[in-house]
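Okay, so here's the structure we're looking at.
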Amino acid sequence: MRSVFRAIVGSTALSLLQIAAVLGDVGAQAQDYPARPITLVVSTAPGGGNDVMARVIGDHMSRTLGQQIVVENRPGAGGTTATRQIAKSAPDGYTLGLGNTGTLAQGPAFYANAGYDPVKDFAPIGLVANAPICVVVHPTVAAHSIKELIALAKKQPGQLTYGSGGAGTPNHLTGAMFANITGVSIVHVPFRGSGPAVAALVGGHVSMMFSSLPPVIGNIKSGLARPLAMTSAKRSAVLPELPTVAEQGFPGFEAAQRYGLIAPAGTPPAIIAKLSAALREALTSDAVKMRIATEGAEPIPGTPEDYARDIDSEARKWAEVVRQAGVAVK
């Protein structure tokens, strides 16, 4: 009996030593992190809201962490291609991603084979910002309100077009939700990123967009695009005179683009904590807050747990929107 007891104690002690060794390695790894540049993958083309947010926080976090954060744009398949690559990257803190509502909520609902689970395959680092979505038209479109836009669309079914950064993106699915709720027929025209879609809007190649404010706010202020409404729950501080879709006859209508920082699942908690602290520091910087506000968005610093809850909530919401609109790709 004593020999059995000694064997059990010895085995337990060995296991505890092994666990301690592993924890020690992880702690040392986090202490030395980062030892080389970090890649921040953006799943859209340069020029859109995702790209702007990544570069704003990347610049500040680079100084805090003592290593450069290199932004790498990988557009395609509504952002799901790059997001899938992030999920499969080594969980060592050297490949991060700028998550957003499109890639972590709408894409997995839109594409049956997105190739990743937004809840299980990522380690949330923290929310970055919330960018309300604006219904914006080319100046030649004869509508100055949501009511007039709906009347025009019903008078000319299938003739109004709306651009997006790709199928399954917030630009696309907010438009699909709008068409489903208002009963209008508008034609979706996908582009390889929000930047090219905005260029098409300004050039008059598409009639309208459902865009986050960062990529269109400059064109709105210069008169190259006309805003009709915000799709957010409340008015934007950047355009306080512009009513929401809900205020114009569709209570409960809400869509916004949320940005956040993610890492592959399995990234050591100590590294996540270090990145989260650097992100929160960036978002409390007056310069970063001013830059984000200038782009029409609102900083929303928080914990990894806050972002995890947000991802889960948004994934559930947009799965239902996609189901109701009947636009999922099998």
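Residues in region 240-266 that are open to solvent by less than 30 Å² (accessible area, probe 1.4 Å) and within 23 Å of Thr44 (Cβ to Cβ): Ala255, Ala256, Gln257, Tyr259, Gly260, Leu261, Ile262, Ala263, Pro264.
Does Thr103 qualify as being in a helix (DSSP H, G or I), open to solvent by 30 Å² or more (accessible area, probe 1.4 Å) and among the hydroxyl-bearing types (Ser, Thr, Tyr)? Taking the combined requirement at face value, the residue does not satisfy it. Only one of the numbered conditions (1) in a helix (DSSP H, G or I); (2) touching a Phe, Trp or Tyr at 6+ places or on another chain (Cβ under 8 Å); (3) not hydroxyl-bearing (Ser, Thr, Tyr) is violated by Val327, and that is (1). Keeping to region 278-310, report how many residues are among the aliphatic types (A, V, I, L, M), touching a residue at least 60 places away in the same chain (Cβ under 8 Å) and open to solvent by 30 Å² or more (accessible area, probe 1.4 Å). Qualifying residue count for the region: 3. Gly99 meets the conditions (1) under 17 Å from Gly79 (Cα atoms); (2) small (Gly, Ala, Ser); (3) at pLDDT below 95 in every case but one. The failed one is (3). Where residues in region 127-168 are open to solvent by 10 Å² or more (accessible area, probe 1.4 Å) and among the polar types (S, T, N, Q), which of them is nearest to Met53 (Cα to Cα)? Applying the filter and picking the extreme gives Asn130. Determine if region 265-282 includes at least one residue that is hydrophobic (A, V, I, L, M, F, W, C) and outside any helix (DSSP H, G or I). The answer is yes; a qualifying residue exists.
Selection over region 172-201 of residues that are within 15 Å of Trp318 (Cβ to Cβ) and open to solvent by 10 Å² or more (accessible area, probe 1.4 Å) gives a count of 5.
Tell me, yes or no, whether region 223-231 has at least one residue that is in a helix (DSSP H, G or I), modelled with pLDDT of 95 or more and out of contact with any Pro (no Cβ under 7 Å at 6 or more places or on another chain). No, the conditions are met nowhere in region 223-231. Contact map, region 218-243: residues that are more than 19 Å from Asn130 (Cα to Cα) paired with residues that are among the polar types (S, T, N, Q) and open to solvent by 10 Å² or more (accessible area, probe 1.4 Å), Cβ distance under 7 Å, separation 6+ or inter-chain. Pairs shown: Ala225/Asn219; Leu228/Ser145.
Of all the listed residues (Gly115, Gly93), the sole one being open to solvent by less than 30 Å² (accessible area, probe 1.4 Å) and among the small types (Gly, Ala, Ser) is Gly93. Annotation note: of Gly107, Gly97, Gly102, Gly93, the sole residue that is touching a residue at least 40 places away in the same chain (Cβ under 8 Å), over 15 Å from Glu314 (Cβ atoms) and within 15 Å of the chain's Cα centre (by Cα) is Gly97.
For Ala87, state whether it is modelled with pLDDT of 95 or more, open to solvent by less than 30 Å² (accessible area, probe 1.4 Å) and within 18 Å of the chain's Cα centre (by Cα). Yes.
Looking across region 181-201, the residues that are in contact (Cβ under 8 Å) with a residue 12 or more places away in the chain, among the aliphatic types (A, V, I, L, M) and assigned to a helix (DSSP H, G or I) come down to Ile181, Ala197, Val198, Ala200, Leu201. Of the numbered criteria (1) at pLDDT 90 or above; (2) of a type outside the set (Asp, Glu); (3) within 15 Å of the chain's Cα centre (by Cα); (4) assigned to a loop (DSSP other than H, G, I, E, B), the one Ala129 fails is (4).
Matching residues to (1) crowded, with 17+ Cβ neighbours inside 10 Å; (2) at pLDDT 70 or above; (3) part of a helix (DSSP H, G or I); (4) in contact with a Ser or Thr (Cβ under 7 Å, 6 or more places away or on another chain):
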position: Ala13; (1), (2), (3), (4): no, no, yes, no
position: Val22; (1), (2), (3), (4): no, no, yes, no
position: Pro34; (1), (2), (3), (4): yes, yes, no, no
position: Ala45; (1), (2), (3), (4): yes, yes, no, no
position: Asp51; (1), (2), (3), (4): yes, yes, yes, yes
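The values are calculated or read from the model by the stated rules, or taken from the named source; none is laboratory data. Nothing here was measured: the structure is a model prediction, and the numbers come from that model. Cβ coordinates were reconstructed from backbone atoms using ideal geometry, including for glycine residues, and neighbour counts include every protein chain displayed. Note: areas computed on protein heavy atoms with side chains; ligands, DNA, RNA excluded. Shrake-Rupley method; radii C 1.70, N 1.55, O 1.52, S 1.80 Å.
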